[in-house]
Structure formats: C-alpha cells, structure tokens
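**Q** Structure provided below as structure tokens; questions to follow.
Bear in mind that the values in this text are calculations on the coordinates, not laboratory data. Everything numeric in this text was worked out from a predicted model, so none of it was measured. Cβ coordinates were reconstructed from backbone atoms using ideal geometry, including for glycine residues, and neighbour counts include every protein chain displayed.
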Amino acid sequence: MALAPKAKLVSARELPGLVSEAVRAAAANPKLKQKIDLAEPTITIRWELIGRILRDLNDAQLFSADVAKSLKAKNVAVTPATLIIDKRILAGFYERPQVPIERQF
C-alpha cells in the first residue's frame, strides 16, 4: 500500500485563488441541474457544531433532532445539524447566534 502524500500548507494569500479555481472547475460540471453564477462571490461559513460522533446516519439525524427539540423546550435557540466529513458523522446542533458568519473572498 502506497503512502498518501502529506498535505501541503496553503498561505492565506494563495487560498482565495485556489478556492476560485476549484469553484470554477466544479461549476463547469455538466451534471449540475442549476448553473452556478460565477459572478457571485465565494463565501465561507464558519460555525461550531456541538454534539457527538455517531456511526449511523439515521441515528445521527434522530439524535440531532432530539437534542435540538430538548433545547428549544428550554428556550435555547439552536438548529439541528448532521454533517458527514470523511468517514465521520457529526450530529448535534448549531447555536443560532453562530449561524452563519459569512466571509467573502
């Protein structure tokens, strides 16, 4: 088994150009049902998901909904969230004041 190459660090100066190039390449995909308007700025939304790592997607969605429902009953404004990154399923919630913070490149 070959070792995967190490990920290189990207400077903050290079990042906007790399992101724009990746967005242009993805927007050129003919399978997209809705065309991407490349005139629109690229955004990055940052937030903190609070919760747990689960192994099953259905369980994760149920867990997220139940946690959010429980917190909403106590007047805590949250949005349920389930996020898949690589092979991990993250389930929990986003605090409403934290969703979203947009940054434009």
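**Q** Taking the beta-carbon count within 10 Å as an exposure proxy, list Val19, Val76 from fewest neighbours to most.
**A** Least crowded to most crowded, the residues run Val76, Val19.
**Q** Sort Leu9, Leu54, Leu18 so that the residue with the fewest other Cβ atoms within 10 Å of its own Cβ comes first and the one with the most comes last.
**A** Leu9, Leu18, Leu54
**Q** For Ser70 paired with Ala12, estimate the spin-label separation in nm (one decimal), with each label point 7 Å from Cα along the Cα-to-Cβ line.
**A** 3.9
**Q** Set the Förster radius R0 to 25 Å, insert the Cβ-Cβ distance between Ala27 and Asp56 as r into 1/(1 + (r/R0)^6), and round the FRET efficiency to 0.05.
**A** Once rounded, the FRET efficiency stands at 0.15.
**Q** A further question on this structure: Put a dot 7 Å past each Cα toward the Cβ at Ile36 and Asp86; how far apart are the dots in nm?
**A** 2.4
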